[in-house]
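Asker: Next up is a structure, given as structure tokens.
What follows is calculated from the coordinates using simple rules that are stated; it is not laboratory data. Small disclaimer: the values here were computed from a predicted structure and weren't measured. A quick note on method: Cβ atoms are made from the backbone with ideal geometry, for glycine too, and the neighbour counts reach across all protein chains shown.
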Amino acid sequence: MKASPEWLTAGDRDSEALAAMLAPCSAEALELETLAAESRAITLRRFGRTMSLYAPLYLSNYCSSGCEYCGFASDRTTLRRRLEPDELDRELLAMKRLGISDVLLLTGERTGQAGFDYLQRSVERAARHMQRVTVETFPMSVAEYRALADCGCTGVTIYQETYDRGRYEAIHRWGPKKDFVQRLETPARALEGGMKTVGLGVLLGLAEPVADALSLYRHVRHLGRTWWRAGLSVSFPRIRPQTGGYQPPFPVGDRFLARMIFAFRIALPDVDLVLSTRESAAFRDGMAGLAITRMSIASRTTVGGYDEPDRAEPGQFDISDDRSAEAFCAALRARNIEPVFKNWEPAYNGPSGVSLQDDVVSEAHPCP
Amino acid sequence: MDVYHLGPQAFSSRLILGTGKFSSASVMLEAVKASGAELVTVALRRFNREQAGDDLFGPLSAIKGITLMPNTSGASTAAEAVRAARIARELSGSPFIKVEIHPNPQHLMPDPIETYEASRILAKEGFLVMPYIAADPVLAKRLEDVGCASVMPLGSAIGSGQGLGTADMLGIIIRESGIPVIVDAGLRSPSEAAAAMEMGCAAVLVNSAVAAAGNPVEMAAAFAGAVIAGRKAFHAGLMPQSRTAVATSPLTGFLGTNA
């Protein structure tokens, strides 16, 4: 069994400061209100009064892993399907009608029905419709990430779920996801393959949250130091009710979640912090402007779901904030925050770090 | 009239406004008007031809008397910036391009190597190139040599509000430059903008300082006044600074005028 890397286990002064902010009961406990005020000031200065929006699109719910907490685990009786090319086009067009231009494509762990070739074809199609395409799928090789980057995929979201190795190995009952270190090294492989952004997170509820938060922070810092071009983001997913009825052994309340988000904003002042529709409308509205800079909108967690939203199917988890795109944007505007749908340009697609090519120089055309 | 030139174009307002980070397009437009800016920069990634409500370019181009300068914010290499510049020219018709290449999306520091390459190519293609750079006097001259219309060194990190942290280097750049020097990024207060103008900058660009202010429209007007005051002061010539008091009646008058 491969050992955990040193960056994960070695303490440092930076993470001590974060630990102090996360400890509500210690002597040096910082008032939540104080953290919120500092977090808000940093967010306003660095990101202004805007919120970047994206939406997830589940390509497939086939899965080969047995994650105890997941509605799509391979032992669930959920009806399995994947989007075929014409369906995918219809879904993307339906998303575009909502204004969405930044899509996150999702699948389960690698299967014959939804493997790399299927994903690559889907990315290619999505890049024809959307300004920005990122994926939250199965771990891939450097060469596979490179191929996806060449098709217009610019980012990868990959949660470690928990950095507690014992807990990790217990809940990931079978399948490729069982390998803790293989998953831990995935963001680095994605960046090596030319991805411009990686999104990290822990699934809150699976393990002791303070320890997980500190490990997550060390992971972000490790990647930032090693891959200096990497765009980094951190998400804060909390376990939601889903098929299978998993009860989280370490439930995380609103106050701790808020504390964790503020602490991450202060510790990582220029990193995108992401909050999905797993959270309630009230919590999301409250967090807008205080720390979060990127949110999902009008989300579906079923396969597809934008083209025929009334089709009843169990999703990966239940959405809490089910407001329409318009209602959500109106709530942001009421808080003096501008929702931003397009914050990217396909001219910036292509693998990271590839410097000027000769073809760009030779195709230089003079001003008309 | 006190104007400065960017390529063939003359500008009398020495305040350039950035258009990101505002709470709404309407607040941004009001701030632009209040600033009196004649040159405004807008990111190509905020051009949205498919959704008017999400587009910054359309509403800005409707304001009379404004020249739009697209920028390549989001580009991380010269190749991407060159592609973006060509698209921006096609869409906007503007000859200006603000070259912004920051490969690290967290600290957003400009990449000198990629910026130089992109600027060289775009200047050759006839763009009026306005490169955003660190306050590096050598890089500034290299960019002048390849035909840039100006250089835009940072006062401090973008969005930091740390003011003129690079003042010493800016002083060298201004002294040596044959093209307009525009301080871009880091300014927080109108007094800092005035200080930059007193140093001899041709203009200043602000965005966060206005967009993140309590009242952005009022702050835009405050910057406009400060830039005018700073320019006037530069023109008038500041009195020299001295570490010691300078007596009005000389202490060495008794020495007479003979050697």
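Asker: Using the C-alpha atoms of region A:1-154, what convex hull volume per residue, in cubic angstrom, is computed?
Answerer: Convex hull of Cα atoms, per residue: 212 Å³.
Asker: Using 1/(1 + (r/R0)^6) with R0 = 35 angstrom and r between the beta carbons of A:GLU185 and A:GLU87, what's the FRET efficiency to the nearest 0.05?
Answerer: On the way: r = 34 Å, r/R0 = 0.96.
In this case the efficiency is close to 0.55.
Asker: Separate question: What residue among B:GLY214, B:GLY200, B:GLY186 shows peak mean-square fluctuation when chain B is described by a Gaussian network model with Cα springs under 10 Å?
Answerer: Between B:GLY214, B:GLY200, B:GLY186, it is B:GLY214 that shows the largest mean-square fluctuation.
Asker: So, one more: Based on DSSP, what percent of beta bridges with both residues in the protein assembly as shown are antiparallel, to the nearest 5?
Answerer: 10
Asker: At 7 Å along Cα-to-Cβ for each site, give me the label-to-label distance between A:GLU308 and A:LEU79 in nm.
Answerer: Using points 7 Å along Cα→Cβ, the separation is 0.8 nm.
Asker: To the nearest 500 deg cm²/dmol, what mean residue ellipticity at 222 nm is calculated for chain B from DSSP H runs of n ≥ 4 alone, each contributing -39,500 (n - 2.57), summed and divided by the residues? Don't jump to the answer; show the numbers that get you there.
Answerer: Details: 9 runs with 98 residues, N = 259.
Taken over chain B, the calculation gives -11500 deg cm²/dmol.
Asker: Going by C-beta contacts inside 10 Å, put A:THR50, A:THR137, B:THR67 in order with the fewest on the left.
Answerer: B:THR67, A:THR50, A:THR137
Asker: Relative contact order for region A:167-269 using alpha-carbon pairs under 8 Å, separation at least 6, rounded to a whole percent? Provide the component values of the computation, followed by the final result.
Answerer: Working: 88 pairs, mean separation 30.1, N = 103.
Worked out over region A:167-269, it gives 29 percent.
Asker: Let me ask you something else. At 4 °C and 1.567 mPa s, grab the translational diffusion coefficient of chain A from Stokes-Einstein with a Kirkwood Rh over Cα pairs, rounded to a whole number in µm² per second. Before the final figure, lay out the partial values.
Answerer: Details: Rh = 21.1 Å.
Roughly 61 µm²/s, to the nearest whole number.
Asker: Tell me which residues come under 5 Å, amide H to amide H, from B:LEU39 once H is placed; ignore anything under 5 positions away on its chain.
Answerer: Amide H neighbours of B:LEU39, under 5 Å, 5+ apart: B:LEU17, B:THR67.
Asker: Restricting things to alpha carbons, find the Rg to Rh ratio for the protein assembly as shown using the Kirkwood radius for Rh.
Answerer: 1.02
Asker: At what distance in angstrom do the alpha carbon centres of region B:10-52 and region A:168-223 lie from each other?
Answerer: That distance is 40 Å.
Asker: Can you tell me the relative contact order of chain A? Whole percent, Cα pairs under 8 Å, sequence separation 6 or more.
Answerer: Relative contact order of chain A: 25 percent.
Asker: If you take every DSSP beta bridge whose two residues both sit in chain A, what share of them, in percent to the nearest 5, is antiparallel? Please report the intermediate quantities before stating the final value.
Answerer: On the way: 2 of 37 bridges.
Among the beta bridges of chain A, antiparallel pairing accounts for roughly 5 percent.
Asker: While we're looking at this one, here's another question. How big is the equivalent ellipsoid of region B:119-164 along its three axes, where each semi-axis is √(5λ) from the Cα gyration tensor, reported in whole Å from largest to smallest?
Answerer: The equivalent ellipsoid of region B:119-164 has semi-axes of 23, 11, 6 Å.
Asker: On average, how many beta carbons from a partner chain sit within 10 Å of the beta carbon of a residue in B:51-60?
Answerer: 3
Asker: Moving to a separate point now. Pairs of Cα atoms under 8 Å, at least six residues apart: use those to get the relative contact order of chain B, whole percent.
Answerer: 18
Asker: Another one. If you build the Cα gyration tensor of region B:4-255 and take the root of 5 times each eigenvalue, what three semi-axes come out, in whole angstrom, biggest first?
Answerer: On the way: eigenvalues 217, 94, 49 Å².
Each semi-axis is √(5λ); the values are 33, 22, 16 Å.
Asker: Kindly put A:MET1, B:MET1, A:MET51 in sequence by how many other C-beta atoms sit within 10 Å of each C-beta, fewest to most.
Answerer: B:MET1, A:MET1, A:MET51
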